[in-house]
There are 2 protein chains.
Amino acid sequence: MTNGADILSRTLADHGVDTCFANPGTTEMHLLSALGREPRITLHLCLFEGVVTGAADGFARMKGRPAATLLHLGPGLANGMANLHNAKKAASPLINIVGEHATYHLNVDAPLTADIAGMARTVSDYVVTPNSADTIAADTVGMMAAITGPEQRVATMIVPNDVAWTETNTTAAAIAPMPAPEPNADTLPRAVTALKGGNSAALMIGAPFITARMAKLAQAIGAATGCRVFTEPTVARMSRGSGVPALQRQPFHVDFATEALKGLSDAVLVGARTPVAFFAYPNRPSLLLPDDATVIELAPPLADMEKALETLAESLGAQVTSEPTPTPDNTDFDGTAPITSETLGSAVANALPEGAIVVDESITNGLHMFAKCATAAPHDWLNNRGGSIGYSMPVAVGASVACPDRPVLCVTGDGSAAYTLQALWTMARSKLNVTVVILANRSYRILANEMSKIGAGEPTDATLPLMSLEDPAPDWVKLAEGHGVSAERVTNAGSLSLAIARAMSKPGPTLIEAVM
Amino acid sequence: MTNGADILSRTLADHGVDTCFANPGTTEMHLLSALGREPRITLHLCLFEGVVTGAADGFARMKGRPAATLLHLGPGLANGMANLHNAKKAASPLINIVGEHATYHLNVDAPLTADIAGMARTVSDYVVTPNSADTIAADTVGMMAAITGPEQRVATMIVPNDVAWTETNTTAAAIAPMPAPEPNADTLPRAVTALKGGNSAALMIGAPFITARMAKLAQAIGAATGCRVFTEPTVARMSRGSGVPALQRQPFHVDFATEALKGLSDAVLVGARTPVAFFAYPNRPSLLLPDDATVIELAPPLADMEKALETLAESLGAQVTSEPTPTPDNTDFDGTAPITSETLGSAVANALPEGAIVVDESITNGLHMFAKCATAAPHDWLNNRGGSIGYSMPVAVGASVACPDRPVLCVTGDGSAAYTLQALWTMARSKLNVTVVILANRSYRILANEMSKIGAGEPTDATLPLMSLEDPAPDWVKLAEGHGVSAERVTNAGSLSLAIARAMSKPGPTLIEAVM
């Protein structure tokens, strides 16, 4: 028996898809059976679709190639959309397989009938609905071609149930991934001239990945020319730590960002986009560069950025030198100190093992942690480019599935963690070496800051409870244990650091509630 | 200071909106401030947007009028979409207020920029984006008019941040709700003739509400004519229990449904839709009535169904009689028996206090419970018409906020509960008298049934784990306590019944893990 579902599974596997995060229902039973019959694909169950899609994002960030998701009809896709939004903004390749009612059943408007394509278009670069088992092979090949192209990364295939269950002999040959788009050779001379201007120019590098080599090249260019060097405020994956130059992030806050970019006459973009404010604030700009600054795009976001930087460095005569590795400065670390934004930084940096993957959703508490970890053991750092919270625990699941031999550290605010806490269960089920640190400040702290900053006044008796997670404060130890993950609560910086080191050195997941 | 956000809040309150379930972010800070300044509106924080929207659905089911939601941009709406799908299918009036970037900020494609209107259209009957503070009053009045009309119930207003923060003096007078659409007087003679045909005709009554009076009228019509009487398989809210005739539900499963409807020559629809299969199955029909049956629509889904049934009963000379109240039959109840689908029924029916609200997401375990509760104390029964799981705990939140003096019982499968478990926190925060019974069979049991039924074979070693919630089994006592809800675990029918009765008689929420 070979049906449409088998052809889909086989074609995905032919293109190197070996992992599927899934939360199926009745309309996906043929798809599930077929995926189960395909020995090259491993299935991971998640108890909520936001975990499914976030895990696929995390997998893609670490592997640079797509995992599949398996989602139940429109509502299943809807539950996964917030993390698909993040994946799309991170340019993470990803294939959603969404079951649909049988074609002939759609016109009876059954309870679960919904506009799946309409939903999918809002969070996908590419949407396709095979209309027969005989076309699903070609449709799958077309989808794989699209998401290795110059622009599209998130694909959604909507599979009517009768397309999945109908038998067919049609196959289609796998296609090779397309090469990355080329850097813009014609803007190179302008970029070279601009950067020679020194401090009035900036080199801005961005998504999706910043490798150690890229960081070294960027630093060398900065050293050779005196230009400013920034990464985008969030980067999907970034090599960091000892031996990797600590590039400056463009600040997140609009006021700090405009200050950092003040006086620039030229901005050279390598993978980066023109800097914009995260939100609009009254009497603050949306575009952050000075009005008269010239933007020079050397490489579009999905180009081979390492190549672009090599060429640029060569043109500028910038040499990568191996600098002395800075030693972590722990002279100010007091283990008995309470856990604050400041002490968190040292606590994490001291504990981080070589090869760790850090998934950062620390929101208001992340500034010092990011800075301190610049001198920690070499590691990868993952940030949210889409701004939809609840991204980090699911992404940690996917990163760990992608790299089972590397410990993953997920540092998340408690408010953020509550959106997708079901990720904990998959960490337990799939025995993932993920350490989750919950920064338990028991509030949406960023909102209290943002309310006055955006001109909406100060919190009142009526609105303050809407930013508070007290009354009752979630007990994260119980929430973790309830999902099968061992957990502990710590209240000072030293205990936190020891707990992180201990958890990351042993297999399986651990949650640490860091009370702030 | 009166800005667009104030005008919106005031206009909503002028139309009787007194409750807002919220999960706001930066772009909603002016909206939150304004809602906080409007003394007629009470705010309830939920930690996940699927709880926000489900709660608004539950509120609407009990009150028959809308609550507002407050959601953060596209991803916030996306997280709420699955339960908006359910609300839309239940025809629950509901107003989503979704913050949007300032109008001038949209073209810079900030991280959180998304196609909010595109998302909203998939789960809303009505979508509006005020383009200035001067039009938001009129836009709000227009929205309120739309959702009290003959067809539309779920509205989404997308509020650009500058529309919220800009000052204005524009107001708009509140409008009165529109009357419900009239029954189809012209089909009444045909309906009368058809029903007089007795057993070859069926009276089918449906969404959104079936009151005790409607149940009595339907039963009287059945008794007078010999016709079959069915409710739709799921009804948004239904009066049940002692003194209310137990109407037969059209069976959920396609085979039982076609059997129940076999031989019909006429189906008279009062609020109901033409019966359709929940899913398509190979070699099974999508439309469930016999091919040659005539469908007679006496009243469209949102018409005054009680009036339609009164007229119909009068035309048929059917008299509502007060029948002897059946006594619950507990002779077969053995408290020491394990918790099964069968014993669950008696355990719940025995414990149910008068005036209870039951939110049913028992999936594979609900059949006997529904039947047994027909003779329990009078209560309301809420069912999911949209089929998207994770509906019940959020709906229970909203039902309890709507009816604080009535105990709410939420009976849910463990798989379903995992989608929106954050609802537990709002139960604790808002001190709601909700009793949650988790039917812990530690599986998506329905899928194992459905897989073979739909022709996808039997579960294999590769696919069975995708239907299992073992390894690890969620610990619902800890998950509840982690959210601030007291909890206990029971393993036999008697303990379950006692625990339900105890929990419902005291204020505040309780979770009972019923191990099956």
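The values are calculated or read from the model by the stated rules, or taken from the named source; none is laboratory data. Only a predicted model underlies this, so the values are computations on that prediction, with no experimental measurement involved. Note that each Cβ is placed from the backbone with ideal geometry, even for glycine, and that neighbours are counted across all protein chains shown. Ligands, DNA and RNA are excluded from the accessible area calculation, which covers all protein heavy atoms including side chains. Shrake-Rupley method; radii C 1.70, N 1.55, O 1.52, S 1.80 Å.
Counting, for every residue in A:123-131, the Cβ atoms of other protein chains within 10 Å of its Cβ and taking the mean gives 1. If you model segment B:371-470 as an ellipsoid using its alpha carbon gyration tensor, with each semi-axis the square root of five times an eigenvalue, the axes come out at 31, 16, 11 Å, biggest first.
If you roll a 1.4 Å probe over the heavy atoms of the protein chains, what accessible area per residue do you get for the protein assembly as shown, in Å²? Provide the component values of the computation, followed by the final result.
On the way: 33380 Å² over 1032 residues.
Result: 32 Å² of accessible area for each residue.
What the pair-distance distribution of segment B:299-428 shows, using all Cα-Cα distances binned every 5 Å from zero, is 2, 9, 16, 16, 17, 16, 12, 7, 4, 1, 0 percent.
Placing unit charges on each Cβ (+1 for Lys and Arg, -1 for Asp and Glu) gives chain A a dipole about its Cα centre, and among A:ASN433, A:PHE256, A:ALA417 the Cα reaching farthest toward its positive end belongs to A:ASN433. Once the other residues with Cβ under 10 Å from the Cβ of B:ALA164 are scored (Lys, Arg +1; Asp, Glu -1), what is the net sum? Net of charged neighbours comes to -4.
Rg/Rh, computed from the Cα trace of segment B:356-413 with Rh as the Kirkwood radius, has the value 0.95. Per q in 0.08, 0.12, 0.14 1/Å, what log10 I(q)/I(0) does a Debye calculation on the alpha-carbon atoms of segment B:158-297 return? Here log10 of I(q) over I(0) equals -0.32, -0.57, -0.69.
About its Cα centre, chain A has a charge dipole of approximately 780 debye under the convention of +1 per Lys or Arg Cβ and -1 per Asp or Glu Cβ, with nothing else charged.
Distances between placed amide hydrogens fall under 5 Å for B:VAL437 paired with B:CYS410, B:VAL411, B:THR412, B:ILE512, all partners being 5 or more residues away or on another chain.
Once R0 is set to 30 Å, what does the formula 1/(1 + (r/R0)^6) return for the Cβ-Cβ distance between A:MET178 and A:THR2, expressed as a FRET efficiency to the nearest 0.05? Don't skip to the answer; put the middle values down first.
Details: r = 29 Å, r/R0 = 0.96.
For R0 = 30 Å, the calculated efficiency reads 0.55.
What percent do you get for the relative contact order of chain A when only Cα pairs under 8 Å and 6+ apart count? Spell out each step's value before the answer.
Details: 1234 pairs, mean separation 72.6, N = 516.
Reported as a whole number, the value is 14 percent.
Could you compute the FRET efficiency for A:THR460 and A:THR42, with r as their C-beta to C-beta distance and R0 at 41 Å, rounded to 0.05? The partial results should precede the final answer.
Values: r = 51 Å, r/R0 = 1.25.
Computed FRET efficiency for A:THR460 and A:THR42: 0.20.
Here segment B:415-514 has 54 percent of its accessible surface on carbon and sulfur atoms, given a 1.4 Å probe and all protein chains in place. What a 1.4 Å probe finds exposed on segment B:219-358 is 50% carbon and sulfur by accessible area, rounded to a whole percent.
Between A and B, buried accessible area summed over both sides at probe 1.4 Å, in Å² to the nearest 100?
On the way: alone 20500 and 20520 Å², together 33380 Å².
When A and B are taken together, about 7600 Å² of accessible area is lost.
Applied to segment A:314-320, the Karplus parametrisation 6.51 cos²θ - 1.76 cosθ + 1.60 on θ = phi - 60° returns per-residue 3J(HN,Hα) values of 4, 5, 9, x, 7, 10, 6 Hz, with x for Gly and Pro. The relative contact order of segment B:242-348 comes to 26 percent, based on Cα pairs under 8 Å that sit 6 or more residues apart. On the principal axes of its alpha-carbon atoms, the protein assembly as shown has extents of 98, 69, 54 Å, going from largest to smallest. If you take all other residues with their beta carbon under 13 Å from the beta carbon of B:CYS373, and give Lys and Arg +1 and Asp and Glu -1, the sum is -1. Amide H to amide H, with H built 1.01 Å from N, A:THR294 comes under 5 Å of A:ASP266, A:ALA267, counting only residues 5 or more places away or on other chains.
Each DSSP beta bridge with both residues in the protein assembly as shown is either parallel or antiparallel, and the antiparallel ones are about 10%.
As an equivalent ellipsoid, segment B:228-333 spans semi-axes of 26, 21, 13 angstrom, where each value is the square root of five times an eigenvalue of the C-alpha gyration tensor, largest first.
Here segment A:386-491 is assigned +1 on the Cβ of each Lys and Arg and -1 on the Cβ of each Asp and Glu. Its dipole about the Cα centre then comes out at about 420 debye. Round to the nearest 0.05 the FRET efficiency obtained for A:ARG273 and B:ALA145 when R0 = 60 Å and r is the Cβ-Cβ distance. The computed FRET efficiency comes out at 0.90. Heavy-atom accessible area for A:ARG153, with the other protein chains in place and a 1.4 Å probe, reaches approximately 30 Å².
Which sequence of A:ARG10, A:ARG237, B:ARG502 reflects their accessible areas, 1.4 Å probe, from the largest down? Spell out each step's value before the answer.
Details: A:ARG10 90, A:ARG237 45, B:ARG502 125 Å².
Ranking A:ARG10, A:ARG237, B:ARG502 by accessible area, largest first, yields B:ARG502, A:ARG10, A:ARG237.
Distance from the alpha carbon centroid of segment A:290-354 to that of segment B:87-120 works out to 36 angstrom.
The figure for B:ASP332 is an accessible area of roughly 100 square angstrom, using a 1.4 Å probe on the protein chains alone.
The label-point distance for A:LYS506 and A:GLU488, in a model that sets each label 7 Å from Cα toward Cβ, rounds to 0.8 nm.
Between segment B:463-516 and segment B:154-233, the alpha-carbon centres lie 36 Å apart.
Look at the stretch B:467-477: the mean tally of other chain Cβ atoms within 10 Å of its residues' Cβ atoms is 4. With both labels modelled 7 Å from their Cα along Cα-to-Cβ, the B:GLN248 to A:ASP255 distance reads 7.2 nm. The 1.4 Å probe gives accessible areas that order A:THR231, A:THR340, B:THR343, largest first, as A:THR340, B:THR343, A:THR231.
For segment B:415-516, what number results from the quotient of the Cα radius of gyration and 2.2 N^0.38 Å? Working shown, then result.
Numbers: Rg = 15.8 Å, N = 102, 2.2 N^0.38 = 12.8 Å.
Its radius of gyration relative to the 2.2 N^0.38 Å reference: 1.24.
Solvent-free Debye calculation, one equal scatterer per alpha-carbon of chain A: log10 I(q)/I(0) at 0.06, 0.08, 0.10 Å⁻¹ equals -0.29, -0.53, -0.83. Remark: mean inter-chain Cβ contacts per residue of A:479-489 equal 4, using a 10 Å Cβ-Cβ cutoff to other protein chain atoms. Would you work out which of A:LEU217, A:PRO24, A:PRO300 lies farthest towards the positive end of the dipole of chain A? Charges go on Cβ: Lys and Arg +1, Asp and Glu -1. About the Cα centre, the residue reaching furthest to the positive side is A:LEU217.
May I ask for the Kirkwood hydrodynamic radius of segment A:227-276, worked out over all distinct Cα pairs and given in angstroms to one decimal? The partial results should precede the final answer.
Details: mean 1/r = 0.0830 Å⁻¹.
One decimal place: 12.0 Å for the Kirkwood radius.
By a 1.4 Å probe calculation restricted to protein chains, B:THR11 has an accessible surface near 10 Å², given to the nearest 10.
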